[in-house]
Amino acid sequence: MIVRILKSNSPAAFFILPLIAIIIWSFGFGALHLSEVRHSMPFYELLVRPVAGIPWLCNIIAILLVTGEGFLLNYIVNENEALTRKTALPALLYFAFLSIHIDMLQLHPILFANLFLLFALSKILNSYRKDTAFSQVFDAGLLISVATLFYLPCIVLFPLLGIALILFRPFMWREWIISFFGVLVPFIFVISWYFWKDTLDYLLYDKMFFPIVFKEQGTRLNQFFYILASTGLIIVLLSFGKLFNDLGGGSQKTKKALILMLWMTAFASLSIFLVPAITPISFALFAIPLSVICSNYFIRIRKELWGELLFLLFIALLLINLAVNIF
């Protein structure tokens, strides 16, 4: 029922989606966390440190970010024909993938990074078939760079900009140079600031070197999480299979957008090697591409009842896992 309503992009989605996000993320208030700012990147530390000692406020900010990003992803996908039909499924799946563990229901760097990655994705898709796209490629590079200054492992997504230029743009060497400068600008400002404050060593060691080299113990996971993760993995594998089998359908822009999501998933996989500890939060970077890829699966699936049951099973396991971690 839920998948059918959201698959058709019904106006009811504007009421259902925020309700689902609030219900899921309300579990976060049952296990309030102090937001971690130790060894955090400069932009995250700058924004979060003033509120880090107020867990309930951090959770409210997190809910607003997740809800806003879900709707933004939905708008980008529908506006740029990233799927074969307009749908509200990307937002729903985005909420779900960012809620698979109780530790994810808090304010963390990837929530901010994803916001800027979504804006970068919008710039890239909007550049399709434009005569020139100097401003779009510069902005995309700058936004990915800003995301990195919130969450260092986003640095593995820099090559994604080159892949996007190959997919969506005819070769124009000036666009490649301009996008490179877009990537550099935020880092130049941040490095200059730390150099001016004579704390450049602190930036390089505490913010960049330490989290990568010195590994920490990961989160202990219960059996319900593994069942939930296995169900999610089945959905992802089915979605990849459907995508590879049906990639010939849809417009050229749709095909290119889905291929870009595949590349984004591949590069996001490399981010796991840059985290200080592998936790469920480490996989939040996959939420954007997997939400689009899995939406493609649920849109094109012929047996709607199977899709409904599979998704309801995933949501039920998600809620059980969250409840078990609280109670």
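Anything in segment 168-183 that is more than 21 Å from residue 270 (Cα to Cα) and of a type in the set (A, V, I, L, M)? List them, or say none. 172, 177, 178 - these are the residues of segment 168-183 that are more than 21 Å from residue 270 (Cα to Cα) and of a type in the set (A, V, I, L, M). For segment 52-87, a residue qualifies if it is buried (at least 21 other Cβ atoms within 10 Å of the Cβ), of a type outside the set (S, T, N, Q) and touching a Lys or Arg at 6+ places or on another chain (Cβ under 8 Å), and exactly one does: 82. In segment 224-247, which residue that is touching a helix residue (DSSP H, G or I) at 6+ places or on another chain (Cβ under 8 Å) and not aliphatic (A, V, I, L, M) is surrounded by the fewest Cβ atoms within 10 Å (Cβ to Cβ)? My answer is 246.
Selection of helices (runs of 4 or more DSSP H) fully inside segment 14-131 by the criterion of at least 1 residues being more than 30 Å from residue 259 (Cα to Cα) and aromatic (Phe, Trp, Tyr) returns 42-48, 55-79. Answer yes if at least one residue in segment 296-315 is open to solvent by 50 Å² or more (accessible area, probe 1.4 Å), in contact with a Lys or Arg (Cβ under 7 Å, 6 or more places away or on another chain) and at pLDDT below 80, and no otherwise. Yes, the conditions are met somewhere in segment 296-315. Contact annotation: residue pairs with Cβ atoms under 9 Å, 6 or more positions apart or on different chains, pairing a residue in segment 58-69 that is among the hydroxyl-bearing types (Ser, Thr, Tyr) with a partner that is part of a helix (DSSP H, G or I), are 67/17; 67/18; 67/21; 67/22; 67/25; 67/91; 67/95. Of everything listed in (1) surrounded by fewer than 21 Cβ atoms within 10 Å (Cβ to Cβ); (2) in a helix (DSSP H, G or I); (3) not basic (Lys, Arg), the single unmet condition for residue 198 is (2).
Scanning segment 103-126 for residues that are open to solvent by 10 Å² or more (accessible area, probe 1.4 Å) and over 12 Å from the mean Cα position of the chain (by Cα), we see that the one that is nearest to residue 301 (Cα to Cα) is 122.
In summary, helices (runs of 4 or more DSSP H) completely within segment 224-327 and bearing 1 or more residues that are within 22 Å of the chain's Cα centre (by Cα) and under 28 Å from residue 157 (Cα atoms) occur at 252-270, 287-300.
The values are calculated or read from the model by the stated rules, or taken from the named source; none is laboratory data. If you're wondering where the values come from, they're calculated on a predicted model, not measured in any experiment. Here Cβ is always computed from backbone atoms with ideal geometry, including for glycine, and neighbour counts include all displayed protein chains. Calculation scope for accessible area: heavy atoms of the full protein, side chains included, ligands and nucleic acids excluded. Shrake-Rupley method; radii C 1.70, N 1.55, O 1.52, S 1.80 Å.
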